1. Viscosity 1.567 mPa s, temperature 4 °C: Stokes-Einstein D of region 1-59 from its Kirkwood Cα radius, in µm² per second?
2. Send over a whole-number figure in Å² for the accessible area per residue of the chain, probe 1.4 Å.
3. For residue 65 and residue 11, calculate 0.36 nm times their separation in residues minus their Cα-Cα distance, and state this gained length in nm to one decimal.
4. Using a Cα-Cα cut-off of under 29 Å, which lysines could be cross-linked to residue 107, ignoring same-chain neighbours fewer than 8 residues away?
5. About the Cα centre of the chain, what is the dipole size in debye to 20, counting +1 per Lys and Arg Cβ and -1 per Asp and Glu Cβ, all else neutral?
6. Using a 1.4 Å probe on the protein heavy atoms, what percent of the accessible area of the chain belongs to carbon and sulfur?
7. Could you tell me which helices of the chain pass both thresholds, a Cα extent of 30 Å or more along their own axis and a mean Kyte-Doolittle hydropathy of at least -0.5, with helices taken as whole DSSP H runs?
Amino acid sequence: MKNPLDYIRPVPKEWIEAASFLSAVMAGSVYKMINQNKKGIKITLKTMLVEAFSSFFIAFVVYAVLNQFLHFNTFFTYMMCSLAGSMDTLIHSKIEALIDVAFNAAKNKIE
């Protein structure tokens with residue numbers, strides 16, 4: 001009987017990292033949908049796809065910052081991506097507020 005790791009070793013490292021990243025992001029997205037369901041929000045296929053896409057986008061930005069620029073541990077980066085994916089609406093609203101403040105400040109400087 002073969003060791004299960006013998007089946008994983010020939011798979012390219014990039015594929016394993018991509019699968020790990022996607023599974024971490026989907027875990028965060030599923031966690032968010034479960035919390036929404038507990039609050040009484042009906043989960044449909046459209047809602048699931050929108051949540052998955054927005055979670056992936058936010059998680060990809062977090063991955064780029066933590067792994068590519070700051071060179072954090074890969075496992076830590078994936079868990080932060082999962083957390084960011086579950087909190088994507090909060091992050092999105094904070095980014096909107098930041099952009100709003102920046103444009104208002106620029107508008108006030110112009111006037």
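The values are calculated or read from the model by the stated rules, or taken from the named source; none is laboratory data. Bear in mind the structure is a predicted one, so any value in this text is a computation, not a measurement. Note: ideal-geometry Cβ built from the backbone for every residue, glycine included; neighbour counts use all protein chains shown. Protein only, heavy atoms only, side chains kept; ligands, DNA and RNA dropped before computing areas. Shrake-Rupley method; radii C 1.70, N 1.55, O 1.52, S 1.80 Å.
1. The diffusion coefficient I find is 97 µm²/s.
2. Computed with neighbouring chains in place, this is 77 Å² per residue.
3. Going from the current span to full extension adds 16.8 nm.
4. List returned: 94.
5. In total the dipole reaches around 300 debye.
6. Result for the chain: 71 percent of the exposed heavy-atom area is carbon or sulfur.
7. Once both thresholds are applied, what remains is 13-38, 88-110.
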